[in-house]
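Working notes, structure below.
The values are calculated or read from the model by the stated rules, or taken from the named source; none is laboratory data. This one's a predicted model, so the numbers in the text were calculated from it and none came from an experiment. Here the Cβ positions follow ideal geometry from the backbone for every residue, glycine too, while neighbour counts run over all protein chains shown. Just so you know, the surface numbers come from the protein's heavy atoms only, side chains and all, with ligands and any DNA or RNA stripped out. Shrake-Rupley method; radii C 1.70, N 1.55, O 1.52, S 1.80 Å.
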Amino acid sequence: MPSYRSILLTCLMTSLASSHVALENPKPYIFVADGRVNPLESTGSDYPCRIPPGKTYQVDGEPTKMMIGEDQLLTFQGHAVHGGGSCQLSLSKGLPTKDSTWKVIHSIEGGCPARNQKGNLDGPNVDKYYFKIPEGIEPGEDWTLAWTWFSRIGGQPEFYMNCAPVTILPKKTDNKKEKRMSLPERREMKMMTTAISKRVVVDDDDFPDMFMANLGEYTGGCTTTAAQNVQLSIAFPNPGSSVERPEGDNLFKQECDGNPRSKGNKVPDSGSSSSSSSSTSSMAEASTVVPTSTMSTIPTTFSTVTTTSPSSTPTNSPSDDGDDGDDYDDCLPDDDDDSNTPQDQTGSGSGSCIEGQLTCLDDGTHFATCTGGNLTAPQPIAPGYKCRPGSGVGLDIMPM
């Protein structure tokens, strides 16, 4: 018969896995343990896709089929959305490795993986996003799509990355239009279609390299700390031509890019997290907010569907992260069953703060995050700003 402790551990793991954010659609690779819901290691040891060294990729059923030019659905599961943030979708050929080249096909600046959130959700994430596989991508089965995310708020800047196997199908042709064409016109169209389909994304400058940061020396010291300090989602240095901004243009202009394959950056040796000091010094951290008057959203041909509004969107509660929530209450024995109750079940959740909330310290220039029932080490507010002392789902930031 399973012990109390083993049952509780199983329930806690289930609760934690459901609370943190993970890619839901397209269906990601099968991950080991917590690989899908946690960020990449700060050293980059499990980059890309949070696959631990020595582990292999496993496809969960069949790869998701995506037709070029058609709307594709992007959804997430989990509650800990950390006030949203900015996400990118990128493609790479074959199974991902540290040497893979990732090219961006769509950027979501702000409001991802959830829109209009002050903190975390107290219910399912019902927001949906849409994107397209652009022309210029070679149809085939051997593709991996990556979702990367940089949160707006949190205890420390992190880099989330989930990956999914996809099969890319050729663009649907207009058979009626083709029938009206003359034979020479049909031949010319076929030649053009064939030429386009042979263009591979990894060789095309129209698709920028995936933005990277927060992996220590592996990303040359580039971080999103300054943006997180003022609780703004980042505007990517090079978002590509397909961009959406669900929450408008109030973004933080991220100037450094830690992708070692981006122009001017040095590629670290495979399996190593080292990089040159020159790359670190060339990545000065941004400290400016994108002015609404100088930034405009690049038009896109897809539609964005929001299933919630700011007034009705779920907001966070004391159990946002799930770490101290009630998801596993049914697993606990009855209170009057003293024989099965361990004496040390207070746990870290009984600390002096509410899990996932932020606390502005009394000096107004530092804040901390509640993790495991305790506050993290103080972190500075961005220069020129201060916060109102107190705790909540977010910080009340104001100019000094």
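When the range 121-138 is filtered for residues that are of a type outside the set (A, V, I, L, M), modelled with pLDDT of 90 or more and open to solvent by 10 Å² or more (accessible area, probe 1.4 Å), the ones remaining, listed by number, are P124, N125, K128, Y130, K132, P134, E135, E138.
All told, Y29 meets the bar of being crowded, with 22+ Cβ neighbours inside 10 Å and among the hydroxyl-bearing types (S, T, Y).
The lone criterion from (1) farther than 20 Å from G44 by Cα; (2) more than 17 Å from the chain's Cα centre (by Cα) left unmet by Q77 is number (2). Could you check how many residues of the range 86-133 are among the hydroxyl-bearing types (S, T, Y), in a strand (DSSP E or B) and farther than 23 Å from P157 by Cβ? So the count comes out to 2.
Is it fair to say L91 is modelled with pLDDT of 95 or more, within 30 Å of K55 (Cα to Cα), open to solvent by 10 Å² or more (accessible area, probe 1.4 Å) and aliphatic (A, V, I, L, M)?
Numbers: modelled with pLDDT of 95 or more: yes; within 30 Å of K55 (Cα to Cα): yes; open to solvent by 10 Å² or more (accessible area, probe 1.4 Å): no; aliphatic (A, V, I, L, M): yes.
Considered against the rule, which asks whether it is modelled with pLDDT of 95 or more, within 30 Å of K55 (Cα to Cα), open to solvent by 10 Å² or more (accessible area, probe 1.4 Å) and aliphatic (A, V, I, L, M), L91 comes out as no.
Output the residue which, of all residues in the range 139-170 that are among the β-branched types (V, I, T) and more than 20 Å from L358 (Cα to Cα), is surrounded by the fewest Cβ atoms within 10 Å (Cβ to Cβ).
Start the filter on the range 139-170 by keeping residues that are among the β-branched types (V, I, T), which leaves 144, 148, 153, 166-168.
Keeping just the survivors that are more than 20 Å from L358 (Cα to Cα) gives 144, 148, 166-168.
Working: T144: 23, T148: 24, V166: 21, T167: 15, I168: 23.
Within the range 139-170, the match that is surrounded by the fewest Cβ atoms within 10 Å (Cβ to Cβ) is T167.
Would you pick out the residues in the range 366-391 that are part of a strand (DSSP E or B) and either more than 17 Å from C353 (Cα to Cα) or open to solvent by less than 30 Å² (accessible area, probe 1.4 Å) (or both)? Working first, answer last.
Residues of the range 366-391 that are part of a strand (DSSP E or B), as a first pass: 366-371, 374-375, 379-380, 385-387, 390-391.
Selection gives F367, A368, T369, C370, P380, Y385, K386, C387.
Looking at T43, T10, T14 in this structure, which one is at pLDDT below 95 and under 24 Å from N214 (Cα atoms)? I'd like the intermediate steps shown before the answer.
On the way: T10 fails: under 24 Å from N214 (Cα atoms); T14 fails: under 24 Å from N214 (Cα atoms).
Step by step, each of T43, T10, T14 is checked, and only T43 is at pLDDT below 95 and under 24 Å from N214 (Cα atoms).
Please find, within the range 58-85, the residue that is nearest to E158 (Cα to Cα) out of those that are outside any loop (DSSP other than H, G, I, E, B) and among the β-branched types (V, I, T). Step by step, filter the range 58-85, then rank; the result is T75. If you scan the range 242-262, which residues turn out to be in a loop (DSSP other than H, G, I, E, B), surrounded by fewer than 21 Cβ atoms within 10 Å (Cβ to Cβ) and touching a residue at least 60 places away in the same chain (Cβ under 8 Å)? S242, P246, E247, G248, N250, R261, listed by residue number.
In the range 377-395, the residues that are over 14 Å from Q228 (Cα atoms) form Cβ pairs under 8 Å with partners that are open to solvent by 70 Å² or more (accessible area, probe 1.4 Å) and outside any loop (DSSP other than H, G, I, E, B), at six or more places apart or across chains, as follows: G384/P399.
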